[in-house]
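Have a look at the structure below before the remarks.
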Amino acid sequence: MKKCFILFAILGTQMLSAQAISGYVNLEPKEDWAQELVLSQVTFQQIQGKSAIKPLAKVRVGANGQFKIDRKYFSDKNKIYRLHAERIRKIVNDTLSSEVTFLMSNKDRMVFSKGKTVFGVYTTTNQGDQEWRKMREFESSLVQQYLNLEDRIVPQKAYVKDSLQILMVKLIGIKQLAEKRLLDQDIAENPAYYVQVLGQFKESTIEPAEYWFLEKRLAYLTQESVQQELQTSRLIIIGLIVCLLGMGLAFVFLKRKPQLISPLSQREENIKNLILEGKSNKEIAEELYISLSTVKTHITHIYHKLQVAGRRELLQKSTGTST
């Protein structure tokens with residue numbers, strides 16, 4: 001008896017662990033609804049879609065509205081899924097939600113409670129879906145608040161509501177960026193976009209207090225950007241002035257720096273010494289057994305290297321005397 005009890009307990013645990021989703025849906029009256037649910041996987045971009053994008057399974061719903069979905073249909077990582085109930089008999093202006101979108105993995109457990117709507121309140125072990133649901137509830141309440149305000153102030157055409165809803169979604173997104181301290185960086189990367197959006201907020205019926213934080217950040221960052229540009233300009237001007245001064249000092253230094261005297265060759269050194277002894281060009285040519293023109297060429301090179309104008313200046317420079 002004890003063994004049977006343990007066996008049933010194990011089988012019951014395995015059966016329970018095999019279920020990822022269970023609970024109840026309200027498909028009443030039955031003639032209006034197909035008595036099954038469609039499980040689909042959707043991408044982030046397809047969340048706003050109304051039809052099943054990638055059907056994974058069709059699940060039969062019991063007479064009392066109970067259903068179960070096996071874990072095998074879910075990934076081991078978080079993916080976006082949708083449960084959809086198909087209405088057979090269409091109703092004009094029907095606002096009853098016939099689907100629910102959520103985050104799920106095959107490690108999670110989700111349970112739907114009985115309710116008056118098709119899909120009632122559910123509990124889930126997926127923490128990502130819990131946070132996502134909080135955000136969606138916040139967005140929904142905020143958008144509805146302004147849609148109701150629009151109804152009270154100016155009962156205009158439907159596209160006005162659509163436009164306002166788009167603006168509200170933008171405002172929600174901007175507020176989330178501000179809360180995560182990412183708004184300043186995004187404004188710096190897309191300043192024109194935020195200026196345009198701020199203009200749209202001002203032209204709408206959204207209360208200025210709701211987007212005042214954005215206007216304040218734009219004004220501050222714009223002023224800060226101008227100051228940074230001025231500071232950058234000052235630094236560039238100072239840098240140019242320093243460069244010009246450096247170039248001027250370098251020019252003066254190079255101009256004042258005495259030119260280096262090139263060393264004389266051995267032949268030129270011999271001719272210089274003969275010149276200092278008072279010998280003529282002809283005497284130097286005869287003594288060194290070279291032509292007179294060669295002597296003159298060497299003397300020209302000697303004068304150039306020693307920076308003297310002639311024999312007299314060469315003698316003065318060599319003896320350190322002056323006239």
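Things worth noting here:
- Subset of segment 102-134 [among the polar types (S, T, N, Q) and at pLDDT 90 or above]: S105, N106, S113, T123, T124, T125, N126
- Test: residue in segment 168-191 that is open to solvent by less than 50 Å² (accessible area, probe 1.4 Å), outside any helix (DSSP H, G or I), modelled with pLDDT of 80 or more and more than 30 Å from V111 (Cβ to Cβ): no
- Considering residues of segment 194-222 that are assigned to a helix (DSSP H, G or I) and β-branched (V, I, T) only, the residue surrounded by the most Cβ atoms within 10 Å (Cβ to Cβ): V197
- Positions within segment 24-34 being outside any loop (DSSP other than H, G, I, E, B), more than 13 Å from L83 (Cβ to Cβ) and open to solvent by 40 Å² or more (accessible area, probe 1.4 Å), in sequence order: K30, E31
The values are calculated or read from the model by the stated rules, or taken from the named source; none is laboratory data. Nothing here was measured: the structure is a model prediction, and the numbers come from that model. No Cβ is skipped: glycine too gets one built from the backbone with ideal geometry, and neighbour counts run over all protein chains shown. Protein only, heavy atoms only, side chains kept; ligands, DNA and RNA dropped before computing areas. Shrake-Rupley method; radii C 1.70, N 1.55, O 1.52, S 1.80 Å.
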